[in-house]
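Only one structure is covered here, and it is reproduced in the block below.
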Amino acid sequence: MRTLEDLGWPTLVEHWVKRCATFRGAAHVRREALLDDLEAARARVAQISEARDLAARDARLPLGGISEISEGIARVRKAAALDATELVAVATTARAFAKLRTHLREHAGIAPRLAKIGEGLADLGHVFHPILDAFDREGRLVDHASDALGGLRRAHAAIRAELDRRMGTLLTDERFAPYLQDGYFTQREDRYVLPVRTDGKGFVRGIVHGTSQSGQTLFIEPDEIVDLNNRAKLAECDVADEERRILAKFSGWVAEEADAFDASTVAAEHLDVVAAAAIMADDTVSAAPIIDASPRVALLHARHPLMLLAERRCVANDVTIDAGQTLLVSGPNAGGKTVALKTVGLAALMARAGLHLTAESGSVIGWFTDVRTDIGDAQSLERDLSTFSGHMVNLRELLATAGPGSLVLIDEIAVGTDPDQGAALAQAVLEGLAARGATTIVTTHYERLKVLGADDARFANASVGFDLARLEPTFKLHLGAPGSSGAFAVAQRMGISTTVVQRARELLGTQAVRIEDMLASLADQRRRIEEERAALLAEIEAMEADRAASRLERERSRMRLEKEQRTVHGEALVALKAARREIDEVRREVRAKAQLQQATADDVREAARRLAPVGAIVARHEPRRAQLPGTPARIEQLVQGAPVIVPRLGRAEVVAVAPDGKVEVRVGSMRALVPIADVLIDSHRSQRKADRLDTARGTGVAELDAKPQGPSVVLVDGVPAGGKVTARTLDSTIDVRGQRADEAIGVVDQFIDESVMAARDAVFVVHGHGTGALRTAIREHLKKHVSVARFRAGESNEGGDGLTVAFLK
């Protein structure tokens, strides 16, 4: 068909064929590339997408090892036996079917449509496994192919060995040696013979099997080995008969599964066609199209597939045509009009074949049941047609056959005659095609048609660009505006003298030159705008890339920080364990001396000296405190009730500003005098109550309400006035309720040691009321503790007699 030749479809089909892995797949593409059903095309598009997805996951369809076995299967259906080579090919192909079937089952979640096709691949393991086991790498039957074959071969080999030995003996036998032409023996017609000179014929009795080319040598089978030769021949026949029996048996197995082999071959052929199309789509960076039942075109960044496959530079273009509309493409010669025309035509054919298009994702192509072209020189000497008359014949056929669902592609309509008449004829033809509902693309230089694109809604203009600065086409298609033919610019570019070009402009007339210049200027401005847009898009993409790189770097920094924190945490644990062992050792020594009443002040000082490095270790690995969410306070901000933060005390409220530069603040039921420099304005007023509630829930310590509960205690610089009380926190509280007395005392001792190293003033021991035994044991122990200055029972707002406050030295 001429249309297919005009568009280069056979070349595209050959590219598809080259990517097929099987003979039948390639034949299928050549025979039935185009589909007749819209849904079949849509299904193939989806199947190709699945095959590309598998390839992207390094799980490409395994189509290797599939041979053309159709003739062999047809023969076994007629009870014929296959030879060894054919059987190996059949078995190898069946094994390839099994591999492909398993692969599709394993990836059914990714490629369900292909897996559905793969269900047609039969399980033929019971056929190919024993067949392949019966042949070696060279395709010969192995000895264990049957119970008898090995023994028969060994018997034949033994007779041949005996023949070799006997013939070697005859070479040195004095009865024959004088008459031999040479000191060797050979075979004629598979029988052992001696090379005897013609003059020794009467001295060597036996059967003559032939002569040499010179006639000087006779090849005689001596009587002494005739019987042995006969036995060898019979043994050889026995081996051949057994081998034929085995091949016939295997051929019968294949015949029993002939239908399964044929079905599997068809399924593999289908999969090969899809896989080859997927490879071609990947090679051309294609995308799955939306195939619309309506005959319209909406291609995004479409490129000519053959130019891509030939690795030629190709400019991507958007092409939009409504159903039944005619697109009039104008612009300079060699500017890309015909390439755009063929790109759309090939896209329509590729959609008919269910292929992915060389366009961006989201492209739409209609289902065109008929694609017709009038491209190139229609001149024919055989048919006595000139260029113009040849075009008229093509246009006559188009007007007679085109209709809704037809895509008509006409390159340089109605050329080769008077321009005015040609333009009028071109308009009439296009109006006729539009009336028949055909979707049409036409390239032209006629001004009449450019005007038609602006006046009639059935027509739309488009143009290819031209760079006035460089005097060369841009190959970019611009929708919605006609273009200048640029004949003068092209002529000047091709070397026509400026004088001649200028004279041509004068002959054209002022008005026509002005219109031509205006169209060229508009095209140039459009080109510049698009270049600026492309530059802006490139900058945006670069910014996005920088942003992505920044996010990646932040993530890497976060991961490095977490790794460092884990490392520091590990080191801290090691150091704290070492400190804990040192504390336990010092405690045991001091306690042992105390029990013997041998502890002195020097012992306590020595213990403190030994524990000093431990405190330094703990301090060195103390985690960084989170920065408090406050800002340094100014004197005018410290009004009564202002929410503030005192780092040593936590959140508080201002009571009053003292004249000595200190601030009286209230922390729960307590008040304290602190320097103004230690006060921060709370920048999270709205979260203060939530923070208190979270603290109360997390620690179990009663919330310190803003209203005083019980007698207020004044703290001076955060220290109890008169040493009456100190602020209770989670860190300064230990709960030993439910423990035995000896366990609780050990826990309290350890907590006091840690509190001494942490420079706490007091500790709060929660022991509960109960029977009073635990309370009594702890207080008796605190009386004798070397680090406790004094202790008292808790006040009513602290927990009463169920808590003991111990003040540390």
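The values are calculated or read from the model by the stated rules, or taken from the named source; none is laboratory data. Note that the structure is predicted; figures quoted are calculated from it, not measured. Cβ sites come from the backbone with ideal geometry, for glycine too, and all protein chains shown count toward neighbours. The area values use the complete protein model at the heavy-atom level, side chains included, leaving out ligands, DNA and RNA. Shrake-Rupley method; radii C 1.70, N 1.55, O 1.52, S 1.80 Å.
Values as computed for the structure displayed
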{"quantity": "FRET E, pair Arg779, Ala677, Förster distance 51 Å, beta-carbon r, rounded to 0.05", "calculated": "0.80"}
{"quantity": "Cβ-placed point charges (K, R +1; D, E -1), dipole of region 213-297 about Cα centre in debye, nearest 20", "calculated": "300"}
{"quantity": "Additional length obtainable on full extension of the chain from Thr387 to Ala435, 0.36 nm per residue less Cα span", "calculated": "14.6 nm"}
{"quantity": "Nitroxide proxy distance, nm - points 7 Å out along Cα→Cβ at Met494 and Glu256", "calculated": "7.6"}
{"quantity": "Built amide H within the under 5 Å cut-off of Gly376, gap 5+", "calculated": "Asp411"}
{"quantity": "Estimated inter-spin distance, Ile290 and Val226, nm [label 7 Å along Cα→Cβ]", "calculated": "9.3"}
{"quantity": "Among Val574, Leu537, Ser557 - extreme Cα towards positive end, dipole of region 536-586, charges at beta-carbon", "calculated": "Val574"}
{"quantity": "Listed pairs Lys116/Lys342; Lys342/Lys450; Lys78/Lys233; Lys18/Lys78; Lys563/Lys809; Lys18/Lys249 exceeding 30 Å between Cα atoms", "calculated": "Lys116/Lys342; Lys78/Lys233; Lys18/Lys78; Lys563/Lys809; Lys18/Lys249"}
{"quantity": "Partners for Lys784 among aspartates and glutamates (Cα-Cα distance below 12 Å; same-chain residues under 8 apart left out)", "calculated": "Asp749"}
{"quantity": "3J(HN,Hα) from dihedral phi, region 638-646, Karplus parametrisation 6.51/-1.76/1.60, rounded to Hz, x for glycine, proline", "calculated": "8, 8, 4, x, 5, x, 9, 10, 10"}
{"quantity": "Phi to ³J(HN,Hα) by Karplus 6.51 cos²θ - 1.76 cosθ + 1.60 over region 363-368, Hz, x for Gly, Pro", "calculated": "5, 10, 9, x, 8, 8"}
{"quantity": "³J(HN,Hα) computed for each position of region 317-322 - Karplus, 6.51 cos²θ - 1.76 cosθ + 1.60, integer Hz, glycine/proline x", "calculated": "9, 8, 9, 10, 9, 6"}
{"quantity": "Inter-label distance, nm, simple model (7 Å from Cα along the C-beta direction), Glu531/Val747", "calculated": "8.2"}
{"quantity": "Residue-normalised accessible area of region 750-802, given per residue in Å² at a 1.4 Å probe", "calculated": "48"}
{"quantity": "P(r) histogram, all alpha-carbon pairs of region 223-325 included - 5 Å bins from 0, percent", "calculated": "2, 9, 9, 9, 9, 8, 7, 6, 6, 6, 5, 5, 5, 4, 4, 3, 2, 1, 1, 0"}
{"quantity": "Cβ-based net charge around Ala21, under 14 Å, with every Lys or Arg adding one and every Asp or Glu removing one", "calculated": "+2"}
{"quantity": "Estimated FRET transfer efficiency (Ser70, Ser361; beta-carbon r; R0 35 Å; 0.05)", "calculated": "0.35"}
